[in-house]
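Below you'll find the structure, written out as structure tokens, and then a few comments.
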Amino acid sequence: MVNGELLHRWDLTPTEAIALQKELAGQVERRTPLVSSKCELIAGADVSYNRFSPMFYAAVVVLRTSDCSVVETQYALGKSPFPYIPGLLSFREAPLVLEAFAKLNHQADALMIDGQGYAHPRRFGIACHLGLWLNLPTIGCAKSRLLGTFKTPKSKPGALAPLRDSKEVIGSVVRTKFNVQPLYVSVGHRIDLPSAVRIVLESCRGYRVPEPTRQAHLRVNELRRSASLTLDSAK
């Protein structure tokens, strides 16, 4: 949402969605540092679904950055009419994340999502999309790479390597734990890459995945399993 107005409608064809991504990519702001003292609450978001099921589940968790304690969790569930197409994930998942986010009683200072931001073929992954809708500093923290090349970072936590698409740096490959696969961090909106990487590393508590997205992942999967059991018992 920008200036109180909806960013766009969601009933788009894949062709229209691609054109919209190209249009909105120019609005992404990725050069502003996010000062730690101005980020007291951070939200994490994740989406889950059963294979071959049209039902989607979203969770948004708000944590204190000082100790990563959870202060609030909200959920949303519903069906997504948009097909699975690589590079268009946000049109499939973002509406439910926004629905869950709208239920929050705490105002988050930033959002981290398990997905791509600027490290996207059209420089407009789900983190960018949500960042523009919410007008909020947003970080894409993905467990897998969508595109780009890199030299493997050193094995120690905190080791980094630039993620490049041709000559352009589109993100950072971040080692968060010894001898585990790195994460792929990129700017979503209203934040620069060094700040995004710093917040990811500060949010790790002994796991590969930072707490905002880890907690969202745990909670959304609990919701999905619970809903699935309820549906099965009702048959």
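Every read-out reported here was derived from the displayed coordinates using simple, explicitly stated rules and does not represent laboratory data. Keep in mind that what you see is a predicted model, and the values were worked out from it rather than measured. Backbone-built Cβ (ideal geometry, glycine too); neighbour counts: all protein chains shown.
Evaluate the charge dipole of the chain about its Cα centre and quote only its size in Debye, nearest 20, assuming +1 on the Cβ of each Lys and Arg and -1 on the Cβ of each Asp and Glu.
Numbers: 30 positive and 20 negative charges, 188 e Å.
Here the size comes out at about 900 debye.
Measuring r between the beta carbons of A19 and K143 and using R0 = 41 Å, the FRET efficiency lands at 0.90.
For the chain, the spread of Cα positions along the three principal axes, ordered from largest to smallest, is 52, 39, 34 Å.
In the range 30-118, which chymotrypsin sites (Phe, Trp or Tyr not before Pro) fall in coil by DSSP and have 11 or fewer other Cβ atoms within 10 Å? Mind showing how you got there, number by number?
Values: sites: Y49, F52, F56, Y57, Y75, Y84, F91, F101, Y118; in loops: F52, Y84, Y118.
Sparse-neighbourhood loop chymotrypsin sites (Phe, Trp or Tyr not before Pro): F52, Y84.
Annotation for the range 1-104: trypsin sites (Lys or Arg not before Pro) lying in DSSP loop with at most 11 further Cβ atoms inside 10 Å of their Cβ are R9, R31, R51. A Gaussian network model of the chain, with springs between Cα atoms under 10 Å, assigns the largest mean-square fluctuation among G158, G117, G188 to G158.
Annotation: extensible slack from A161 through A102 equals 17.7 nm (criterion: 0.36 nm per residue apart, minus Cα-Cα distance).
Loop-located chymotrypsin sites (Phe, Trp or Tyr not before Pro) in the range 156-235 (DSSP state not H, G, I, E or B) with no more than 15 neighbouring Cβ atoms inside 10 Å: F178, Y207.
Once C-alpha pairs closer than 8 Å and six or more residues apart are averaged by separation and normalised to the residue number of the chain, the relative contact order reads 22 percent.
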